[in-house]
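Chemist: I have a structure I would like to understand better, so I am pasting it below and will then ask my questions one at a time.
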Amino acid sequence: MTASERTTPVHGTPCWVSLMTRDLRAAQDFYGAVLGWTFRSGSLGEGFSVAHLGALPVAGLGQIAPGLPTTVSWTPYFAVADVDTAAARVRERGGTIAVGPIRLGPGRGAVAADREGAGFGFWEGRTPPWSLGRDDAPASLELRTSHAFDSAIFYAEVFGWASREPGGCDVGYACLQDAVVVRQGGRTVATLRGGGDASSADPRLRPRWHVRFRVADAEAAGEAARAAGGSAGPSVDSPADGTEAVIRDPEGGIFTVCAHPG
């Protein structure tokens, strides 16, 4: 992808999702079988590829360095104007920085965890032309946390949500969804919801960012995941996302597929 095909995302908005995995080729085979992705070399060096659905970039897959004790997981990235400032804000508010800030290809990034341990990243620089909830990008991002309002304050202070700057993100409470909703340009870019349990042995229930990918048939995607060596929960109806199913890839990476009727 050339520099002219990249764009500078709005500060504070989700700008990318990425999976760090221990076996990149096996992960490509799994996600290709389940989600129909194809893969191309990225601009972040050897051991990193960009997943495409059709002609559009969807997500990044990267190889974990041998011996590095990192959990295989999907991580959302948020755009920032200055990665060092964002890292300082995370630390000041009780979060932790796991990686970075470091330069990676065309930009600078860092990986962090909020006060409850939910992992996320942030990125300074241009990105692929990617827009949450549109075209082939992930359908939605949802933080499942113990305290949605406390988490909303944390992220708002880190990323400048509700700053009233032109083009920035607004934060509100959606009564019907019982969730804090983050919007930019009139569309929802993230949802923060209670119900997370930091003491649970089930990683699906611990505070974490959940990435939803749109599919034509959630049940068929679950069957494909099982056939490819992963696991999938039963398909359930969601008022916000239609029929959905939680899937775990062979290395433990958890994500959700959702299919709207019609």
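Chemist: Compute the accessible area per residue over region 193-240, keeping the other protein chains in place, probe 1.4 Å, unit Å².
Modeler: Details: 2570 Å² over 48 residues.
Each residue of region 193-240 exposes 53 Å² on average to a 1.4 Å probe.
Chemist: If you take volume of the Cα convex hull per residue in Å³ from the coordinates, which of (i) 128; (ii) 144; (iii) 183 do you get?
Modeler: Matching entry in (i) 128; (ii) 144; (iii) 183: (i).
Chemist: Can you list residues from other chains, or at least 5 along the same chain, whose modelled amide H is less than 5 Å from the amide H of Ala162?
Modeler: The answer is Cys169, Asp170, Val171.
Chemist: Once you've got the GNM for the chain with C-alpha springs shorter than 10 Å, pick whichever of Thr85, Thr191, Thr243 has the biggest mean-square fluctuation.
Modeler: Thr85
Chemist: Given the C-alpha centroids of region 174-240 and region 67-103, what is the distance between them in whole angstrom?
Modeler: Cα centroid of region 174-240 versus Cα centroid of region 67-103: 22 Å apart.
Chemist: Mind ranking Arg103, Arg40 by accessible surface for me, highest first, 1.4 Å probe?
Modeler: So, going from the largest accessible area down, we get Arg103, Arg40.
Chemist: Sort Arg164, Arg193, Arg226 by accessible area with a 1.4 Å probe, largest first.
Modeler: Numbers: Arg164 215, Arg193 50, Arg226 120 Å².
Result, largest first: Arg164, Arg226, Arg193.
Chemist: Helix by helix, which DSSP H runs in the chain go 15 Å or more along their axis at the Cα atoms and have an average Kyte-Doolittle hydropathy of -0.5 or more?
Modeler: TM-like helix candidates: 24-35, 148-159.
The values are calculated or read from the model by the stated rules, or taken from the named source; none is laboratory data. Computed from a predicted structure; not experimentally measured. Surface accessibility is based on the protein's heavy atoms, side chains included, excluding ligands, DNA and RNA. Shrake-Rupley method; radii C 1.70, N 1.55, O 1.52, S 1.80 Å.
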